[in-house]
1. Just give me the residues in the range 77-106 being hydroxyl-bearing (Ser, Thr, Tyr), in contact (Cβ under 8 Å) with a residue 24 or more places away in the chain and open to solvent by 90 Å² or more (accessible area, probe 1.4 Å), in sequence order.
2. Do you know which of the residues in the range 59-76 that are in contact (Cβ under 8 Å) with a residue 24 or more places away in the chain and open to solvent by less than 30 Å² (accessible area, probe 1.4 Å) is nearest to residue 89 (Cα to Cα)?
3. Filter the range 26-58 down to residues that are surrounded by fewer than 12 Cβ atoms within 10 Å (Cβ to Cβ) and either in contact with a Phe, Trp or Tyr (Cβ under 7 Å, 6 or more places away or on another chain) or of a type in the set (Val, Ile, Thr) (or both), then give me how many there are.
4. In the range 14-53, how many residues are hydroxyl-bearing (Ser, Thr, Tyr) and more than 19 Å from residue 87 (Cβ to Cβ)?
Amino acid sequence: MNSSELKKLRTESVLRELIPRALAHLDDELLKNLCVVDVECRKGRYDAFVYIDKMSFDAKEQEQILAHLKKATKILQNYCMSEQGWYKSPYLHFKFDDRLEYQNRMDFLFEKIKKDRNES
């Protein structure tokens, strides 16, 4: 593993820890209890994609939450910079995590294929 990959992994780890704390400090009840599932840095750590757990939010609530997160992005970035002493923070992009749903769907399809093969 090279040093840039190590720095990227460390940044992702730090952000996974800092962002929930930053959200808890906001005066926005909609954002305070969001669960950060994962953080993925790209473009040499200039962009960080923050994956949020969908929990039981419907599409309208998700849209509303993303709008609130977009407004709070600078505050969250400043929090991360001040906590870590960084000169610059990655730009935060928020998305709801649908990877678990995708994985469950794939598992279901593979089970179905397996059943169909056994029946033939």
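1. Answer for the range 77-106, where residues must be hydroxyl-bearing (Ser, Thr, Tyr), in contact (Cβ under 8 Å) with a residue 24 or more places away in the chain and open to solvent by 90 Å² or more (accessible area, probe 1.4 Å): just 91.
2. Start the filter on the range 59-76 by keeping residues that are in contact (Cβ under 8 Å) with a residue 24 or more places away in the chain, which leaves 62, 64-66, 68-70, 72, 75-76.
Within this subset, residues satisfying the condition of being open to solvent by less than 30 Å² (accessible area, probe 1.4 Å) are 65, 69, 72, 76.
Values: 65: 22, 69: 16, 72: 14, 76: 9 Å.
Once the filter is applied, the top-ranked residue is 76.
3. Result for the range 26-58: 1.
4. Going residue by residue through the range 14-53, those that are hydroxyl-bearing (Ser, Thr, Tyr) are 46, 51.
In the following step, the residues that additionally are more than 19 Å from residue 87 (Cβ to Cβ) were identified as 51.
Matching residues across the range 14-53 total 1.
The values are calculated or read from the model by the stated rules, or taken from the named source; none is laboratory data. Source: prediction; values computed, not measured. Ideal geometry is used to build each Cβ from the backbone, glycine not excepted, and the neighbour counts take in all protein chains shown. To get the accessible areas, we keep the full protein, side chains included, count just its heavy atoms, and leave off ligands, DNA and RNA. Shrake-Rupley method; radii C 1.70, N 1.55, O 1.52, S 1.80 Å.
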